[in-house]
1. For the range 74-85, give me the residue count where each residue is at pLDDT 95 or above and either touching a His at 6+ places or on another chain (Cβ under 7 Å) or not hydrophobic (A, V, I, L, M, F, W, C) (or both).
2. Please go through the range 1-39 and pick out each residue that is assigned to a loop (DSSP other than H, G, I, E, B), surrounded by fewer than 19 Cβ atoms within 10 Å (Cβ to Cβ) and modelled with pLDDT under 90.
3. Of all residues in the range 67-83 being among the aliphatic types (A, V, I, L, M) and closer than 21 Å to Gln4 by Cβ, which is surrounded by the most Cβ atoms within 10 Å (Cβ to Cβ)?
4. For the range 1-56, how many residues meet the condition of being among the polar types (S, T, N, Q) and touching a helix residue (DSSP H, G or I) at 6+ places or on another chain (Cβ under 6 Å)?
5. Report yes if Gln76 is out of contact with any Asp or Glu (no Cβ under 6 Å at 6 or more places or on another chain) and in contact (Cβ under 8 Å) with a residue 24 or more places away in the chain, otherwise no.
Amino acid sequence: MHEQSLMKNLMKKILGVAKDAHATKVTKVTVQLGALSNMSEEHFKEHFETSAKGTIAENALIEAEISDDISDPNAQSILLKSVDVSG
């Protein structure tokens, strides 16, 4: 359930960035996975693919940076670093 909430919020941000840019396609998403987020890059990609299905973010390239800093204030978070769009 925690992962669904994280992904829902992340997709809302991604699609908001795309809308603000008047984009027709999200081509790449870069995120930072916190050390305590309980997400591996592969796990994140699976959840992203499910969440993005049917949206302009479907098939976007995912670049995930993994943090190992458990004392980082965002250690439990998934941070959106950048969104590349086209159109």
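1. Within the range 74-85, residues that are at pLDDT 95 or above and either touching a His at 6+ places or on another chain (Cβ under 7 Å) or not hydrophobic (A, V, I, L, M, F, W, C) (or both) number 3.
2. If the condition is that a residue be assigned to a loop (DSSP other than H, G, I, E, B), surrounded by fewer than 19 Cβ atoms within 10 Å (Cβ to Cβ) and modelled with pLDDT under 90, then Met1, Asn38 are the ones that fit.
3. So in the range 67-83, the residues among the aliphatic types (A, V, I, L, M) come out as 70, 75, 78-80, 83.
Still in the running and closer than 21 Å to Gln4 by Cβ: 75, 78-80, 83.
Numbers: Ala75: 15, Ile78: 20, Leu79: 15, Leu80: 16, Val83: 22.
Ranking the candidates gives Val83 first.
4. 1
5. yes
The values are calculated or read from the model by the stated rules, or taken from the named source; none is laboratory data. Bear in mind the structure is a predicted one, so any value in this text is a computation, not a measurement. Note that we place each Cβ from the backbone using ideal geometry, even for glycine, and neighbour counts take in every protein chain shown.
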